[in-house]
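Quick notes on the structure that follows.
Please treat every number below as a calculation from the coordinates, not as lab data. For clarity, every value in this text was computed on a predicted model and none was experimentally measured. Cβ coordinates were reconstructed from backbone atoms using ideal geometry, including for glycine residues, and neighbour counts include every protein chain displayed.
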Amino acid sequence: MPPRTIETPEATCGTWDLDQSRTSNTVNEITDITETAGPAWATPAYNRAGNMTTVPKPAAPTGSYAATYDAWNRLVKLADGSDTVSEYAYDGAKRRIVQKSYTAGTLTETRHLYYTQPSQWQVIEERLGASTDADRQFVWGLRYVDDCLLRDRDTDSNGSLDERLYALQDANWNVTGLVDPDGDVQERFAYTAYGVPLFLAANFTPQGASGSGWETLYCGYRYEAATGLFHVRHRVLHPVLGTWAQRDPLGASTGVNLYEYAWSQSINKIDPTGLITATLPGVPALPALPALPALPALPALPALPALPALPALPLIAGISAAVLAAAAACMAPFYSHALNQINSGMVSDKWAHCYVSCMSTKLCGPILSQIGGLGFEVYQELLRLIQELTGRRVTTDGFSWGDVVANLEGSACAGFEAVWAGPIGGLGGLLFRESCEDCCNRVCP
């Protein structure tokens, strides 16, 4: 990892508050942090599964937390010396459902989290302790998985949700402000490039923490005030280090390394699942510049001898790579949903192939969708062969004609309209259009 220089908000007159160089090993774990300006940070340490076990404290990185993980590489405990700071529990769909907070090692709060279906993974209600009353409830929009519309909260623990705040989000889905039902601003938020939050009053006066205990912040991710870390579904994001605390659970990265957040392009990319980096919508194109006046013609040069024709192979390879890249980009937005459904045990692998093919066909057409599906099967077969030849654990079944058929079924589902016999006494027929989910449930159960 190349040296990284950081300037904190307090830096003035061209003086750096913090100047660091970081060293990483061959699997991109940070092994040393050297500073030429600013305090000496704690150096992260990792277990053999690649989970960060010594975690520099986001609020005071000269100290560190000791992190414990379960067999599925999920964070289950953070401790400060001998004092427990937080503990977590998860359900079978890998969702964090219990969050325990401690003060000086003493348990002070047990928070239970309830979610939408596993494919969405959105917190819709929180309860405290053994209470059956809601402490907080959330409403989410349809534009995006972390499109937070509002939160209702019980501020006096009497079982009644007496506070409603609406979230204002920018183009990166960062929550930048909160307004009450009258439209009055209650709080504002700003962030560093990788998510360290700055809490502001309505008049932009800095605050030490959120006055309303707001937890949906950077990119719409869930923030834990006690630790300063973000829980982003499959992984934990460390906003001060600017990296994930765990390796990519898929075991293969499309970025520089398995800990890299958003390909190190946090200004225009996000990763709401902790698995796949997505590109944010671009800005409108700038107006065309006026044409420059034509330059005077240069005298003709003598003709050069003809060069021998180059083989067509490089051109064909370049075009093929571009087509495969376009196909992968077309399928990527739907891969996470399909993967979450598989991990939750709700659907089959064939259903996932059908669904991704159906959705990508609607977005980019059947040809590009099928090219992407076939390319993925070839990639799986190459990965299987490499793993076998190198003696590694085989993590894929390789090429599957069943998956190819499921891809074709998905493209057919994309525009499926059918006439079925009437369900009541054979009366007539019903003309209807199925969704990709319903069609794939029928053809690839």
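Computed quantities for the displayed model
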| quantity | calculated |
| --- | --- |
| Under 24 Å from the Cα of Lys100 - lysines, other chains or at least 8 residues apart | Lys57, Lys77 |
| Proximal aspartates and glutamates relative to Lys362, as straight alpha-carbon distance under 16 Å, when same-chain residues fewer than 8 apart are discounted | Glu409, Glu417, Glu434, Glu437, Asp438 |
| Taking Cys330, Cys440 and counting other C-beta atoms within 10 Å, the order from fewest to most | Cys330, Cys440 |
| Segment 344-408, dipole about Cα centre (Lys/Arg Cβ +1, Asp/Glu Cβ -1), debye to the nearest 20 | 140 debye |
| Normalised contact order of segment 89-234, rounded percent, pairs of Cα under 8 Å and 6 or more residues apart | 12 percent |
